[in-house]
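Shown next, in structure tokens, is the structure this report addresses.
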Amino acid sequence: MKWILVGIIVAATTVGEVLQAKGMRHHGEIRFRTGRLGRAVALLARNGYVLASIAAMAVSFFAYLALLTISELSFAVPVTAVTCVLETILAKHVLHEQVSWLRWMGACLVVCGVALVSL
Amino acid sequence: MTSESARLRWKTWICAAVVVGSNVSGNFFLKKGMPAELATPLEYITVLFRPMISLGVLLLIVWLASRMALLSWADLSYVLPVTSVGYALVAIAGRVFLHEQISGKRWVGISLIMAGVALVSGGTSPQTTKAAEREHAHAAGAGR
């Protein structure tokens, strides 16, 4: 049961976060000024990528709540970091980011760290 | 161009700190308020109205909003490792406030996570795609 929940969380989080990045990229840089911020929120509420990402993250959130009832916090949070490598791969191929070797190293270190924390 | 990249770096660091802080505190309050088990689907909803859980959810809303703002200019492949410092902080919060056990293996893991974060945040620029696009747009604008 624990690992099924982890699977649901990883899949939903990966899809949700890549969609979120795509939607925000589409929107452009947020400027922290009162007038602009309100307009940005109104625009984001009609951004399909952002809405889809929120739906996917809601799935991940409820699965995460379920996982928290049956495991420790110091297991639940780190184990979901597998998404880090999956999303870096998608960032390169779907979002067309220039992922330098330093970033790959960083993502790999994070995942190795996560594996150790959750074992 | 250098003052522009310095501005962006500062903005990125501040926003990343808000992302990490709200994520760690949000997760902490969720776990603290969570009952031992959720028996029925209805309980998944009613549990949201417990004060600790509400606070946790509120903080996670701050997390979502700040993360979205951060992603509006920074790369996902930059944001991911950098905000992973939260994973290490959550484990430490679990140890300090919830008295969960952290083995030697977990401490090594936490150190690796921190090293990954340091590598990406210190070694790479937050943006790889937009800078090129913006330069392109400027060149096009100047040509007109």
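FYI, it's all coordinate maths here, none of it is from the lab. Quick caveat: nothing in here was measured; it's all calculated off a predicted structure. FYI the Cβ positions are ideal-geometry reconstructions off the backbone, even for glycines, and counts take in every protein chain you see.
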With an 8 Å cut-off on Cα pairs and a minimum separation of 6 or more residues, tell me the relative contact order of chain B in percent. 28
In the range B:12-92, which chymotrypsin sites (Phe, Trp or Tyr not before Pro) are in a loop and have at most 12 other Cβ atoms within 10 Å, using DSSP for the loop call? none
Partner chain coverage, peptide B:60-73 - average Cβ within 10 angstrom: 5
Taking R0 as 41 Å, what FRET efficiency do you get between A:Trp3 and B:Trp10 from their Cβ-Cβ distance, rounded to the nearest 0.05? 0.50
Cβ charges +1 (Lys, Arg) and -1 (Asp, Glu), total dipole of the protein assembly as shown, debye: 620
Give me a single rounded figure for A:85-98: the average over its residues of other chain Cβ atoms within 10 Å of their Cβ. 4
May I ask which residue of B:Leu119, B:Trp10, B:Pro41 lies farthest towards the positive end of the charge dipole of chain B, with charges of +1 (Lys, Arg) and -1 (Asp, Glu) on Cβ and the Cα centre as origin? B:Trp10
Tilt relative to chain A, helix A:101-118 - C-alpha long axis, 0 to 90 degrees, to 10: 50
Can you give the local net charge around A:Ala91? Use residues other than it whose beta-carbon is closer than 11 angstrom to its beta-carbon, Lys and Arg +1, Asp and Glu -1. 0
Of the DSSP H helices in chain B, the ones reaching 20 Å or more along their long axis in Cα terms and averaging at least -0.5 in Kyte-Doolittle hydropathy are B:2-33, B:51-71, B:104-123
Pairs to check: A:Lys2/B:Lys32; B:Lys11/B:Lys31; B:Lys11/B:Lys32; A:Lys2/B:Lys105; B:Lys31/B:Lys105. Give those whose C-alpha atoms are more than 25 Å from each other in this structure. B:Lys11/B:Lys31; B:Lys11/B:Lys32
